[in-house]
1. Can you tell me which of 79, 52, 87 is in a loop (DSSP other than H, G, I, E, B) and crowded, with 16+ Cβ neighbours inside 10 Å?
2. Please go through segment 64-94 and give me each residue that is among the aliphatic types (A, V, I, L, M) and over 26 Å from the mean Cα position of the chain (by Cα), ordered by number.
3. I'd like to check something: does segment 41-49 contain any residue that is under 43 Å from the mean Cα position of the chain (by Cα) and at pLDDT 75 or above?
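The values are calculated or read from the model by the stated rules, or taken from the named source; none is laboratory data. Just so it is clear, the structure is predicted and the values come from calculations on it, not from any experiment. No Cβ is skipped: glycine too gets one built from the backbone with ideal geometry, and neighbour counts run over all protein chains shown.
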Amino acid sequence: MGWGQVGQHRSFGHKGGLGRSGHLKHLWSTVIKEDQDHFGHESTHRPASVSIITKKWVSVRDLDDLFTKSGKSENSKNILDLTSLEIDKLLGGGKITNAYTVLVKRATTAAQEKVKQAGGEVKLPVQKANKQTEVPVEEEKANKQTEVPVEEKKTEDVENNNG
């Protein structure tokens with residue numbers, strides 16, 4: 001007198017364990033036959049923490065089409081704002097026939113030259129300039145003569161330090 005053939009006191013007796021137990025041991029043959037891709041990982045998927053950055057670039061040849069869709073004419077100037085269209089960079093591919101004032105974050109030198117040759121201009125955002133000013137050569141020579149040697153500077157710093 002026992003628990004019988006079907007139930008076996010746990011209801012999973014003849015299956016070899018609960019859930020997916022035994023797939024690396026006594027149920028390995030079923031894994032090979034039915035679920036070959038059960039273990040391991042798919043290497044083609046990117047990590048979830050990495051965000052995809054999509055940058056939009058436009059060539060000079062596309063400016064006519066973009067102006068018809070979203071361009072403005074002010075004071076006899078054709079103004080095309082690419083930053084409002086979320087376009088990051090203007091490339092120099094193709095030819096341009098009309099003069100445009102193009103507002104864009106970045107532009108290649110070839111694109112700037114082609115727009116200028118057509119009679120337009122490219123306006124880039126103001127970039128922070130370096131605070132280093134150019135000093136004439138005569139002043140540099142005068143500054144070198146009046147400079148204090150490095151060793152004396154170190155001793156002055158130590159003397160001025162109260163700590």
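1. 87
2. 79
3. Start the filter on segment 41-49 by keeping residues that are under 43 Å from the mean Cα position of the chain (by Cα), which leaves 41-49.
From the residues that got through so far, the ones that are at pLDDT 75 or above too are 41, 44.
Checking segment 41-49: at least one residue is under 43 Å from the mean Cα position of the chain (by Cα) and at pLDDT 75 or above.
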